[in-house]
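A short write-up of the structure that comes next.
The values are calculated or read from the model by the stated rules, or taken from the named source; none is laboratory data. Every value quoted in this text rests on a predicted model; they were computed, and no experiment measured them. Neighbour counts are summed over all protein chains in view; Cβ atoms, including those assigned to glycine, are modelled from backbone coordinates with ideal geometry. What goes into the accessible areas is simple: the full protein's heavy atoms, side chains included, and nothing from ligands, DNA or RNA. Shrake-Rupley method; radii C 1.70, N 1.55, O 1.52, S 1.80 Å.
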Amino acid sequence: MAKITYIEHSGTEHVIEVAPGLSVMEGAVKNMVPGIDADCGGACACATCHVYVDGAWRDKTGEKNDMEETMLEFAEEVKDESRLSCQIEVTDALDGLVVRMPESQH
Amino acid sequence: MSLAEDINPEDLPEAYSMPIEEMDPSDGRLFMHQKHWAYFERMRKEDPVHLSENEEFGRFWNITKFKDIMAVDTNHQVFSSEPSIVIADPPEDFTLPMFIAMDQPKHDVQRKIVAPTAAPANLIVLEPLIRERVCNILDSLPIGEEFNWVEKVSIELTTQMLATLFDFPFEDRHLLPYWSDVATTTDEEGSNNYMEEEARKAVLWECYEYFVKLWNERQGQGDNPKMDFISLLANNPETKNMNDDPLEYLGNLLLLIVGGNDTTRNSISGGVLALNQNPKEYDKLRADPSVIPNMVSEIIRWQTPLAHMRRIAKEDIELGGKQIKKGDKVVMWYISGNRDETEIDRANEFLIDREKARHHIAFGFGIHRCMGNRVAEMQLKILWEEIVKRFDFVEVVGEPERLQSNFVMGFLQLPVVLHPKK
Ligand code: HEM
Ligand code: FES
C-alpha cells in the first residue's frame, strides 16, 4: 500500500492508503475524495483529473506521454507540476506522495 | 429531396425487419419518429462496427459502442476531423473553417484562445447574471395555461446565455439563434428545414458584418482583454488578423453560436420530457433538489443533443474486427454509445441519482471534447434550481414535436402547463 495525501484547493487534506496497480485518480475517486471528476474513467481523454505533483516526485511518477501532454494543453491553470492523475500508476515507491488539486476541472 | 418528403412513421422500415447488412441509420426521419433506438440496439448487439452505403452520404462506418467511439475520438492522428464533422460532405464552394473541423496544430491554437470564456473561473463571474436572467424568464411565464416550453424557455434562455458569452447587445440577441438556424439549415443532415444556398449565404454575411462591427469596437484592449469570445479573438496575437479571412472569422463565430445553441436548448426541453416520462424520478427531484448537479449529467446523457460526429480515416486501421480503409468515413454515434449496457449500468433507464453520471459520451472525448460543457451544465443546474423553487410540476400536456435530423436531437414543440408550488 502507498500512502497518498490529496490536498483540495481549499487546503483540506485526505490521507488515503492506495493499492499498487490503481491509478492516483482511482485512489481518489474510490475513496470519495472531492475535486477530481474523471469523466472519461481514466482513458486520458477528458483532463478532469488534473492535479499538481511536486517536482521532487518526478523520477518516481514517470513522465507524461504525448496524449497526456496534449490533453493538458486544454486544461486550465496548467503548470510545470501538472499531471493527469489517471496516468500515474500507484507503486510502493509512491508511498508518501502528495498531490494538490486545481481550483476547478474543465 | 427524398428526405424532405413527409412519410407515415409506420412506413419507415423497422430495425429488425431487414438483413443486418442493409441497416442504415442515417435517415433523419428515423430520429424524428424515435425509430433509431432499435437500429442502434441491434447494431450494438450484432454488428457494432457496421458499414452502410447510400446515395446521399456514400460509404460510411457506424461506430455504435462506447469503447469503440472512445477509441476513434481519442485517436486524432488517424481519424481526421477535416473537412467536416457531420455525415454529409460540405458544399464545395462555401466551407467555413472552424476549429471543430480542424486537426492539429491549428485546432489547438484556436481552441486555447477562446476556451477561457467557457472555463470555470469565468463562469463563476457570469453565474449571478445568468441566474438573474433565468429568474426573469421563469417569473414571466403564464401559470395554469398551456404554452410551448421550447419557445418560451429553452430558446429564450439559451439565447440569453449566448449573448452573455459574446457580450452581445442584449436587445439584438434574437439574431443569435436566427443565425444559428440558418447556419445549420442545409439538407446535409437529413433535416426538414431546407433553405436555398444563396439566401443562406446572404444571411450569413449579415451575421459577419454585425460581428465585424463588434470586432472593431473591441480591438486594442492589449494583454488583458475582456473575457468574451470576441475580445479574446480580437486581441490575441495568434488570431488578431483572423478577420482578414472573413470565412475563418465567420466560421469560428458560427461554431461558438451553433455549438452552444441547439445543444443546450434541447437539453433544457429533453429534461422536462424525461422527468414527465419517469414520474418516480421527478419525485426524487422534489424530495431532494441537491441531486440537481447529478441529474444535469443524466439529462445530457439521456438527450445526447448531438447524435454523432464524423471522422475520416487517414490510414488503414482495424476496429472491432473490421478493416477500415484510408479515406473511409467513420461516424461515432454518441446517441448509441450512451445507451451501451456494457459500459453504462442500466443504460436504458433515466436515473437522476445514478452513480458515475458524468461518465457519458455526449460531450465527446479527446482533443475535440466539448469546450462548452461547463457552460451547459451550469445553465441547466441554475435552471432546475430555480424551477424547483417555483413550480411543483412542469407538466407535459401533449405530444412533443421533434426535428428531422440525424445530427441534432431536437424539439420544435413541447406543450406544458405549470403548477406552482403550494
Ligand atoms: C449539452 C450541451 C452540449 C453538448 C451535448 C455538446 C456536445 C459537443 C460535442 C459532442 C462536441 C464534439 C466532441 C468531439 O468531437 O469529441 C462538441 C464540441 C464543441 N462544443 Fe459543445 N456541446 C454542448 C454545449 C456547448 C456550449 C454551450 C458551447 C459554447 C458555448 C459549446 C462549444 C463547443 C465547441 C467550441 C466545440 C469544439 C471543440 C473542439 O473542436 O475542440 N458546446 N460539443
Ligand atoms: S480521467 Fe479523464 S483524463 Fe484522467
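Summary table
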{"quantity": "Selection within the stretch A:40-64 - within 17 Å of A:LEU22 (Cα to Cα) and at the interface with chain B (Cβ under 8 Å from one of its Cβ atoms)", "calculated": "A:CYS40, A:GLY41, A:ALA43, A:CYS44"}
{"quantity": "Test: residue in the stretch B:191-211 that is at pLDDT below 95, aliphatic (A, V, I, L, M) and open to solvent by less than 40 Å² (accessible area, probe 1.4 Å)", "calculated": "yes"}
{"quantity": "Matching option when the condition is open to solvent by 40 Å² or more (accessible area, probe 1.4 Å), within 14 Å of another protein chain (Cβ to nearest Cβ) and not basic (Lys, Arg), among B:GLU355, B:GLU315, B:GLU349", "calculated": "B:GLU355"}
{"quantity": "Residue check for A:GLY27: away from chain B (no Cβ under 12 Å), more than 10 Å from ligand 2 (Cβ to nearest atom), over 13 Å from the mean Cα position of the chain (by Cα) and on the phi < 0 side of the Ramachandran plot", "calculated": "no"}
{"quantity": "Unmet criterion (only one of (1) near ligand 1 (Cβ under 6 Å from one of its atoms); (2) assigned to a loop (DSSP other than H, G, I, E, B); (3) among the hydrophobic types (A, V, I, L, M, F, W, C)) for B:VAL375", "calculated": "(2)"}
{"quantity": "Selected residue (criterion: nearest to ligand 1 (Cβ to nearest atom)) from residues of the stretch A:47-71 that are within 13 Å of the chain's Cα centre (by Cα) and closer than 22 Å to B:PHE66 by Cα", "calculated": "A:ALA47"}
{"quantity": "Which numbered condition A:MET67 fails, given (1) aliphatic (A, V, I, L, M); (2) within 13 Å of another protein chain (Cβ to nearest Cβ); (3) farther than 16 Å from A:MET101 by Cβ; (4) out of contact with any Cys (no Cβ under 6 Å at 6 or more places or on another chain)", "calculated": "(4)"}
{"quantity": "Among residues of the stretch B:108-150, those that are within 17 Å of the chain's Cα centre (by Cα) and away from chain A (no Cβ under 14 Å), counted", "calculated": "1"}
{"quantity": "Residues that are within 10 Å of chain A (Cβ to nearest Cβ) and surrounded by fewer than 23 Cβ atoms within 10 Å (Cβ to Cβ), drawn from the stretch B:371-384", "calculated": "B:ASN373, B:ARG374"}
